[in-house]
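What follows is a single structure, written as structure tokens, with notes after it.
No lab work stands behind these numbers, since they all come straight from the coordinates. On a predicted model such as this, the values are computed, not experimentally measured, just so you know. Using ideal geometry, Cβ is built from the backbone for each residue, glycine included, and neighbour counts are taken over all protein chains shown.
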Amino acid sequence: MLSNSCRYGIRAVIYLASRYPEKSNIGIKEISGDLKLPTPFLAKILQQLAKNKILSSTKGPNGGFSLLKKPEAITIFELVKIIDGEAFFNNCLIHDGTCAKIKHSKKLCPVHNDYAVKREELTNIFKSKTIADLSKNADNSENILI
């Protein structure tokens, strides 16, 4: 459901939150090494989050990435919206496009009513869960930060 970019971005933000505020400006090589993610790919994702005011990016020998917002102020919804876009929360499961557009030109897909309910539930979860929530629970889950 979520792209690799989005999952990697969420993991990296959780990683940064687990070190917040004690350690700032963590280098991309350290982040990608600890998370076992490809450095160039992760760097592009984190630059996208920096451009959207989630992270701070500092260049140079002491540079790196740090949270620009408090972990309590960053929701999963916000990250998914930035990285994967709002289509994730609006598009039909089967057709290409939103259900509102499909209604005018085609029959609704066979799972439309069921999927609409689940999509709304998922949206509510993503809007209510913060990176702080995920960071607190990361210690109890295997392989979130590795």
- Message: What are the ³J(HN,Hα) couplings of the range 119-132, residue after residue, when phi is run through the Karplus curve with 6.51, -1.76, 1.60 and θ = phi - 60°? Round to Hz, x for glycine and proline.
- Response: 4, 5, 4, 5, 4, 5, 5, 5, 6, 8, 8, 9, 4, 4
- Straight distance only, please: which lysines reach the Cα of LYS69 with their own Cα at less than 23 Å, same-chain residues fewer than 8 apart left out? LYS23, LYS29, LYS44, LYS51, LYS53, LYS59, LYS81, LYS127, LYS129, LYS136
- Query: Over the range 33-104, what relative contact order in percent results from Cα pairs under 8 Å that are six or more residues apart?
  - Reply: 18 percent
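Can you figure out the FRET efficiency of PHE41 with LYS69, using R₀ = 22 Å and their beta-carbon distance, to the nearest 0.05? Show your work: numbers first, answer last.
On the way: r = 23 Å, r/R0 = 1.05.
Here the calculated transfer efficiency is 0.45.
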- Of (1) 0.99; (2) 1.18; (3) 2.02, which one was derived for Cα Rg over 2.2 N^0.38 Å from the structure shown? (2)
- Note on the structure: The helix 4-18 Cα axis meets the longest alpha-carbon principal axis of the chain at an angle in degrees, between 0 and 90 and rounded to 10, of 40 degrees
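Starting from 0.36 nm per residue, how many nanometres of slack lie between GLN48 and ASP133 once their C-alpha separation is accounted for?
That pair, GLN48 and ASP133, stretches by 28.4 nm at full extension.
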- So between ASN62 and TYR115, what do we pick up on full extension, going 0.36 nm a residue minus the alpha carbon distance? 14.4 nm
